[in-house]
Amino acid sequence: MDSLSVNREANAAGGESEAWKGDALALFQHLLSAEFFFGALQKAGVAENNRVYTSAVVIWQIIWQRLQQGYGSQQSAVLELLGGLPASFWPEPCKRLEDAAKEGGRRLCSHTGAYNKARQELSPAVVEQCCDHAFEQLVAQARGERRPVFVLDGSTVRMPHTDALIEAYPPSYNQHGEAHGAILRVLVASDLYSGLAMRAEWGPLNGSQAVSEQGLLERAIDRLPSGAVVMGDSNFGIFSVAHTAVQRGYAVVLRLTTARAQRLAGGVLRDGIDQRSVWRPSRDDRRSHPGLSAQACVEGRLIVRQVQPSNGEAAFLLAVFTTLTDPPEEIGTLYGYRWRIETDLRTLKTTLRMDELTCTTPQMVAKEMNLGLLAYNLVRAVIYLAAEKAGVEPRRFSFTRVRNVIQAFTPRITACRDPRRAQKLIEDMLYYVGQAQLPKRNNKRPSYPRAKWPEPKSYPSRHG
C-alpha cells in the first residue's frame, strides 16, 4: 500500500508525502483530503462558514465514536477534538480556534450540544461521497493483480421506537403482536481477500415498501469495482441476480437450491456435473421482473460436487452456477470461502456495535450506517498494511485486536508534537498490529448448531 501512504507531519501541514506509516487518522486525511471535501461540499450544494465543526471534523468524530470499544459517547468525540486534531482539518484559519489558542482566550466548550447539532446538519450526500471515494481508493490499492471477488449477504439492524423510524422502517410482528422498535434490512458486499466492504444498501424489512436482499443488490451493484466477481449463497442463486450482474459486466458464482439446479441440469443431480447451461427466467421470475426481455438468458456452467464436511456430518451435493471458466475444483474452493462474509457481518454488528443504532431519525440512520462502514474499512486498511509487511493474508488478523491497538495509539499519536516521537509511536502501533494474528485453527474442530446466547437483562421485560 505504498502509494496509499501519508506522513503525519506532512499531512498535518496540509501536504501529502510518499509513505503512509499506518496511523488511522493520517490515512483518513489522505483518503479524504481538504481538496476532496471542498469538491464534495460543492457537489452537494453545501456552504460551510468559518466553523469548528466542519464536515471533515464531524465525520472523523463519528468514526472515532464507532471505533471505541462498546461504541463511544458523543462526549468522547468532543474530547477527541479538544485533545487536538491536525490543522489540516481546517483548510482556512478558524477564528474560534485561533481565539482558543491565545493566552487567556476563550476555550472551546466541552459540552456536546454543538457537536450534536453538527451531526444533524451533516449532509448525507457528502457522507456518501466520502464512503465511496475512500472505498474506491482502498480497493484499487488492495486489488493488485488479484481478481476481486465480492461476497454478498444480508442482515437486519434494530433502531429505537420513534414516529419517524417506525414510519420508515416498520417493526416486525408475530403471534404475540408487534415488536417495539424499528428494524431495517441491510445488504453488505465485502471483498473476499481484504475484507473491505462496499457502502451498504438498506431498506424496510416490513410493510408495504419492504425490500428483499435481491432488490437491494439491484440498487447497489453498480458501485462494485469493475471486473469483480459476485458470489452469494442460494438466497442469491436466482435468475434476476445472475442476469443483473452479467448485464453489468460482472462474473457470478452463485449457489443454487436443489430444485433450481435440477431444472437447470434437466434431471437428477450427481457428483461430477460440469455442463454448459443457458439459464432462462421462470414464470415467477418474469412476474417479479416484468421488464425482462423475451430473449433474456444467462450463459454459464452448472457445477455439482459432493462435499464432505470436516465436522463429520453427512456429505451433500453442492450445486453452483458460474460464468467463470476456471476448473471446477477451483470454483468449489472459491465458494468454500463464502463463509467469510459471516464473520464480516459479525464484526460490523458485534465489534462495531452496528446491530442496534441509537439515532432517532432516518437521516441519522443513513449517516451512522455509512460511516460505520467507513470506520470498518479504515481498520481493514491498517490490517492490509500489516499483512503485506508480514507476508500473510489479511484474514489472518483479528479485527478486534487491531481495532483495540488503533484505539489505544491514535490519541497519543494525534497529541504528539514531536515528529520523531510520533514516528516512534506509529512504529510501535504497527508492531502491535503485527502481533494481532489469529492462531492457526484446527479444521476438524467439532461443529455446533447455530444458536445465540440470550443477552443478560437487569430488569424484567415490559408488557403492555
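Annotations for the structure displayed:
- For the chain, the mean residue ellipticity at 222 nm estimated from helices alone is -12500 deg cm²/dmol, where every DSSP H run of n ≥ 4 contributes -39500 (n - 2.57) and the total is divided by all residues, rounded to the nearest 500.
- Using a simple spin-label model with pseudo-atoms 7 Å out from Cα toward Cβ, Val268 and Glu330 lie 3.3 nm apart.
- Note on Lys102/Gln308: beta-carbon distance plugged into 1/(1 + (r/R0)^6) with R0 of 41 Å gives a FRET efficiency of 0.05.
- The phi torsions of segment 327-344, fed into the Karplus equation with coefficients 6.51, -1.76 and 1.60 and a -60° offset, translate into couplings of x, x, 5, 5, 4, x, 5, 4, 5, x, 8, 4, 4, 4, 5, 5, 6, 5 Hz, rounded to whole numbers, with Gly and Pro shown as x.
- Three-way shape call for segment 354-464 based on the alpha-carbon gyration tensor, with the a/c threshold at 1.5: oblate
- Full extension of the chain segment joining Arg412 with His180 gains 79.3 nm, where the gain is 0.36 nm per residue of separation less the Cα-Cα distance.
- Dipole moment magnitude, nearest 20 debye, the chain about Cα centre, only Lys, Arg, Asp, Glu C-beta charged: 1000
- Mean Cα-pair separation over length for the chain, i.e. relative contact order, pairs under 8 Å, 6 or more apart, %: 17
- Amide H contacts of Glu356 (H built 1.01 Å from N, in plane; Pro and chain starts excluded): Arg158 sit under 5 Å, all sequence-distant by 5 or more or on other chains.
- Charge tally for Asp344 (other residues, Cβ to Cβ under 13 Å; Lys, Arg +1; Asp, Glu -1): +3.
- If R0 is taken as 25 Å, the Cβ-Cβ distance between Arg396 and Arg276 corresponds to a FRET efficiency of 0.10.
- A cut-off under 14 angstrom between Cβ atoms defines the neighbours of Gln69, and their net charge, with Lys, Arg +1 and Asp, Glu -1, is +4.
- Computing Rg and Dmax of the Cα atoms in Å for the structure here picks out one of [x] 26.5, 92; [y] 24.1, 84; [z] 22.6, 65, namely [y].
- Cβ-derived FRET efficiency at R0 25 Å, Arg146 paired with Arg223, nearest 0.05: 0.85
- Multiplying the residue separation of Glu427 and Gln42 by 0.36 nm and removing their Cα-Cα distance gives an extension gain of 134.9 nm.
- GluC sites (Glu not before Pro) restricted to segment 69-119 and DSSP loop, no more than 12 other C-beta within 10 Å: Glu103
- Of Lys43/Lys367; Lys117/Lys367; Lys102/Lys367; Lys95/Lys424; Lys349/Lys457; Lys367/Lys424, pairs whose Cα-Cα distance is over 23 Å: Lys102/Lys367; Lys95/Lys424; Lys367/Lys424
- Inter-centroid distance (Cα atoms) of segment 220-279 relative to segment 102-143, Å: 40
- Protection-proxy order for peptides 161-167, 429-435, each taking the mean of Cβ atoms within 10 Å per residue, highest first: 429-435, 161-167
- Cβ-defined net charge surrounding Leu357, 12 Å radius [Lys, Arg +1; Asp, Glu -1]: +2
- Packing-based ranking of 143-149, 129-135, 54-60, 245-251 yields 54-60, 129-135, 245-251, 143-149, ordered from highest to lowest mean Cβ neighbour count within 10 Å.
- Helix 419-434 and the long axis of the chain differ in direction by around 20°, with both axes built from C-alpha atoms.
- Degrees between helix 399-415 axis and first principal axis of the chain (Cα, 0 to 90, nearest 10): 20
- Axis angle, to the nearest 10 degrees, between helix 362-390 and the longest C-alpha principal axis of the chain: 90 degrees.
- The phi torsions of segment 352-358, fed into the Karplus equation with coefficients 6.51, -1.76 and 1.60 and a -60° offset, translate into couplings of 9, 6, 9, 6, 9, 8, 9 Hz, rounded to whole numbers, with Gly and Pro shown as x.
- With DNA, RNA and ligands ignored, accessible area of Arg158 (1.4 Å probe; Å², nearest 10): 90
The values are calculated or read from the model by the stated rules, or taken from the named source; none is laboratory data. Note that the coordinates shown come from a computational prediction; the quantities given were computed from them, not determined experimentally. With ideal geometry, Cβ positions are generated from the backbone for all residues, glycine too; neighbour counts draw on all protein chains shown. Accessible surface is based on the protein model in full, side chains and every heavy atom, while ligands, DNA and RNA are left aside. Shrake-Rupley method; radii C 1.70, N 1.55, O 1.52, S 1.80 Å.
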